[in-house]
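Undergrad: To start, I am sharing the structure in question, which I have written as structure tokens.
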Amino acid sequence: MMNEKYAPLFKTFSFKNGVELKNRVVMAPMTNFSSNPDGTVTDEEIQYYERRSEGVGMVITACTNVTANGKGFPGEFAGDTDDMIPSLRRLASAIQAKGSKAILQIFHGGREVPPELVPNGDVVSASDIPSAEGKPVPRPLTSDEVASVIRDFGEATRRAIEAGFDGVEIHGANGYLIQQFFSPHANRREDQWGGSLEKRMAFPLAVVDSVKKAVAEHADGTFIVGYRFSPEEPETPGITMADTLALVDALSVKNLDYLHVSLMDFWSEPRRGVEDTRPRIEIIKERAGDRVPVIGVGSIYTADDAIKALETGVPLIALGRELIIDPDWVQKIEQGRESEIVTKIDKTKQKELVVPDPLWNAIINSPGWFPGVE
């Protein structure tokens, strides 16, 4: 029997478009490095998702690149050509067969792509500013190329629709191309795509419009569109909390189904840009108001962590690393076995956890990133 205390996690949730999730728990998007060299999904990846799709209400996949020069990771599955639709369909069907909604995360890596993974080693961004010392100096995209990438986000959305996904998440977080255009660190342009805060927002908002246009043309009204963003950057100049709240305002009127905040720690506090010491997630949720639901994420491991996070008023919470550590997290709470939840990776259990080798090796070599990996 479930402990009543955790019942709020199992209330259904309905998006504005009427789509209902069976509970409040979402699988966060996590790169798994395990696709085929041609960009198609592997059997191992399918099994990894199947193992984690039964408990949660919605699965957001690892990111997929919308253009060939946007590939950010080795072993990333692709969404940049129609040839990839059957591969994407396999993934969507596998997730849905376990009772979860399937959301495809779409992105372009921008200046963060490894040169060896993209055609001719051509690393592009808003401007020619590398993300760190020793990193490739990107080539600024021309105006025509900017327009082309915006269209590519729409095309990848059409492929997600044709592949049967329930929605897409626009990846505007974690320092990739969409964030690079929004960032005063990465974007030093002086054309319509850079300069003022409004002009730095132009590319993210144009991507949203392109995605929404594809949905209007190719899907019915139940296709979900979310947007993920990182609230702040450590660099100076960099995105501040004030910039982010302006972006939240702009996104909140775009008729999106959700905003997804990318945080390592749900309770992290603002660095600069606001005179407010509440957790970023509370400030963002307040700013979004009733206009768009917010998904909170970051270092949620136990049932109590999850309930405490829900008490901030965010309607949905996402689990990333914890669902790798314990794929039965949701079921254990549902069955009153929350005391059996595992919160540190067991290095002897790769097979039971159904984690593909490339992802397992990344975890085992990530001290401090994963609880239990020292």
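Undergrad: Find the relative contact order for region 41-132 and round it to a whole percent, using C-alpha pairs within less than 8 Å whose residues are 6+ positions apart. Don't skip to the end; give the middle numbers.
TA: Values: 142 pairs, mean separation 32.9, N = 92.
Across region 41-132, relative contact order equals 36 percent.
Undergrad: Given charges of +1 on the Cβ of Lys and Arg and -1 on the Cβ of Asp and Glu, with all other atoms neutral, how large is the dipole of region 1-50 about its Cα centre, in debye to the nearest 20?
TA: On the way: 5 positive and 7 negative charges, 119 e Å.
Using only the charged Cβ atoms, the result is roughly 580 debye.
Undergrad: Pull out a ≥ b ≥ c, the square roots of the eigenvalues of the alpha-carbon gyration tensor of region 161-259, then state rounded if a/c is under 1.5, prolate if not and a/b is larger than b/c, and oblate in the remaining case.
TA: On the way: a/c = 2.28, a/b = 1.99, b/c = 1.15.
Note, shape of region 161-259 comes out prolate.
Undergrad: At q = 0.34 Å⁻¹, what log₁₀ I(q)/I(0) does a Debye calculation on the Cα points of region 3-47 give, no solvent, two decimals?
TA: -1.19
Undergrad: Sticking with this structure for a sec: Over the Cα atoms of region 1-82, what Rg and Dmax result, in angstrom?
TA: Spelled out, the Cα radius of gyration and Dmax of region 1-82 are 16.2, 51 Å.
Undergrad: Same structure, new question: If we sort 320-331, 196-207, 173-184 on the protection proxy, mean other Cβ atoms within 10 Å, highest first, what's the order?
TA: On the way: 320-331: 21.9, 196-207: 19.0, 173-184: 24.9.
Listed from highest to lowest mean packing, they are 173-184, 320-331, 196-207.
Undergrad: Also, I was wondering about something else. Can you give me the three principal axis dimensions of the chain from its C-alpha atoms, in Å, biggest first?
TA: Over the chain, Cα extents along the principal axes are 61, 48, 46 Å.
Undergrad: Given a cut-off of 19 Å, what percent of all Cα-Cα pairs of region 46-197 lie beyond it?
TA: 54 percent
Undergrad: Peptides 57-64, 230-237: what's the order by average Cβ count within 10 Å, highest mean first?
TA: Values: 57-64: 26.8, 230-237: 16.2.
Descending mean neighbour count gives 57-64, 230-237.
Undergrad: Once you compute Rg and the Kirkwood Rh from C-alpha atoms, what is the Rg to Rh ratio for region 222-374? Write out the running numbers ahead of the final one.
TA: Working: Rg = 17.3 Å, Rh = 17.1 Å.
Result: Rg/Rh = 1.01.
Undergrad: Let me ask something additional. Give, rounded to the nearest 20 debye, the magnitude of the charge dipole that region 157-270 has about its Cα centre when Lys and Arg contribute +1 at Cβ and Asp and Glu contribute -1 at Cβ.
TA: Details: 10 positive and 17 negative charges, 74 e Å.
Here the size comes out at about 360 debye.
Undergrad: Let me ask you something else. Have a look at 2, 270, 363 and report the one farthest towards the positive end of the charge dipole of the chain, computed about the Cα centre with Cβ charges (Lys/Arg +1, Asp/Glu -1).
TA: Projecting each Cα onto the dipole axis, the largest value belongs to 2.
Undergrad: OK, next. Rounded to whole Å and sorted largest first, list the principal axis extents of the Cα atoms in region 301-348.
TA: Result for region 301-348: principal-axis Cα extents of 38, 22, 12 Å.
Undergrad: If you project the alpha carbons of region 117-211 onto their three principal axes, what span does each projection cover, largest first, in Å?
TA: Its Cα atoms span 41, 32, 25 Å along the three principal axes.
Undergrad: Starting from the Kirkwood radius over alpha-carbon pairs of region 275-329, derive D by Stokes-Einstein at 25 °C in a medium of 0.890 mPa s and give it in µm² s⁻¹. List each step's numbers first, then the result.
TA: Details: Rh = 12.1 Å.
D = 203 µm²/s.
Undergrad: Could you please state, rounded to a whole Å, how far the C-alpha centre of region 251-323 is from the C-alpha centre of region 343-367?
TA: After rounding, the separation between the Cα centres reads 27 Å.
Undergrad: Which order, highest average first, do 90-96, 131-137 follow once you tally other Cβ atoms within 10 Å for each residue and take the mean per peptide? Don't skip to the answer; put the middle values down first.
TA: Numbers: 90-96: 20.7, 131-137: 11.0.
Result, highest mean Cβ count within 10 Å first: 90-96, 131-137.
Undergrad: Continuing with the same structure: Nearest 20 debye, what's the magnitude of the dipole of the chain about its Cα centre given +1 on Lys and Arg Cβ and -1 on Asp and Glu Cβ? The partial results should precede the final answer.
TA: Numbers: 41 positive and 56 negative charges, 103 e Å.
The calculated dipole for the chain is roughly 500 debye.
Just so you know, all these numbers are worked out from the coordinates, no wet-lab data involved. Every value quoted in this text rests on a predicted model; they were computed, and no experiment measured them. Please note: Cβ atoms are built from the backbone with ideal geometry, for glycine as well, and neighbour counts cover all protein chains shown.
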